[in-house]
Amino acid sequence: MDRISLTAEELVAIGSVEWRDAKGASRNLKPREARGSSPRLLVCFEGVRSREAAGALTNGEIWVLPEALPDPGPGTSYAFELLGMKLVNVDGREVGIVKEYVVIAERPLYVLEGPGELMIPAHQPFVKHVDFAAKVITVDLPPGFEDLQP
């Protein structure tokens with residue numbers, strides 16, 4: 001599992017996950033144990049007892065219901081929670097709607113809807129406030145920043 005924000009213990013504590021492959025097949029699995037193997041987690045699932053059975057799960061995705069996830073803690077959120085939020089500059093000007101959250105060169109970025117896929121830094125000192133109730137992210141962009149985008 002790549003780019004997971006859960007610890008091995010948190011994943012096992014969830015109790016049940018859904019595995020999906022690129023062709024649409026899915027399977028409910030229960031993590032029995034997991035351990036970190038940077039940047040991945042190595043997971044053993046109940047009922048998956050052979051290399052062949054484990055190999056059949058290669059290149060799939062693990063899906064978890066949002067309500068099953070642990071609280072990420074104060075000042076932290078899961079990337080999916082940011083999708084669809086309005087991004088505004090500190091002057092009140094709307095910059096766009098977050099359609100994707102990516103990490104490039106270890107820096108998180110908001111990718112906004114629209115032509116050219118405007119990319120905005122998703123870290124300090126740019127991000128000033130995230131209001132989940134209003135679904136608004138306030139950023140402080142330097143003058144001309146958006147003109148530098150393709």
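Laboratory data are not the source of any read-out in this text; all were calculated from the coordinates shown. Since this is a predicted model, take the numbers as computed values, not measurements. Methodologically, a virtual Cβ is constructed for each residue, glycine included, from the backbone with ideal geometry; neighbour enumeration extends over all protein chains shown.
Computing Rg/Rh (Cα atoms, Kirkwood Rh) directly from the structure and comparing it against (i) 1.05; (ii) 0.94; (iii) 1.12 singles out (i). In region 79-148, Cα pairs under 8 Å separated by at least six residues give a relative contact order of 28 percent. Between Ala133 and Ala22, the contour length at 0.36 nm per residue exceeds the Cα-Cα span by 36.6 nm. For the chain, the share of DSSP beta bridges that are antiparallel, to the nearest 5, is 90%. A DSSP coil position with no more than 16 other Cβ atoms inside 10 Å describes the following trypsin sites (Lys or Arg not before Pro) in region 53-150: Arg93, Lys135. Please compute the net charge surrounding Leu83, taking Lys and Arg as +1 and Asp and Glu as -1 over other residues with Cβ under 12 Å from its Cβ. My count for the surroundings of Leu83 gives 0. With the Cα gyration tensor of region 8-68 giving a ≥ b ≥ c as the square roots of its eigenvalues, does the rule (a/c under 1.5 for rounded; else a/b larger than b/c for prolate; else oblate) give rounded, prolate or oblate? Since a/c stays below 1.5, the shape of region 8-68 is classed as rounded.
Couplings 3J(HN,Hα) for region 47-58, derived from phi with the Karplus relation 6.51 cos²θ - 1.76 cosθ + 1.60 (θ = phi - 60°), are x, 9, 10, 10, 4, 5, 5, 5, x, 5, 8, 4 Hz, where x marks Gly and Pro.
Taking the number of Cβ atoms within 10 Å of each Cβ as an exposure proxy, the fewest-first ranking of Arg20, Arg107, Arg51 is Arg51, Arg107, Arg20. Dipole orientation for the chain: of the candidates Ser77, Gln124, Val12, Val12 has the Cα lying most toward the positive pole (charges on Cβ; Lys, Arg +1; Asp, Glu -1).
From least to most packed, judged by other beta carbons within 10 angstrom and beginning with the fewest, Thr138, Thr7 follow the order Thr7, Thr138.
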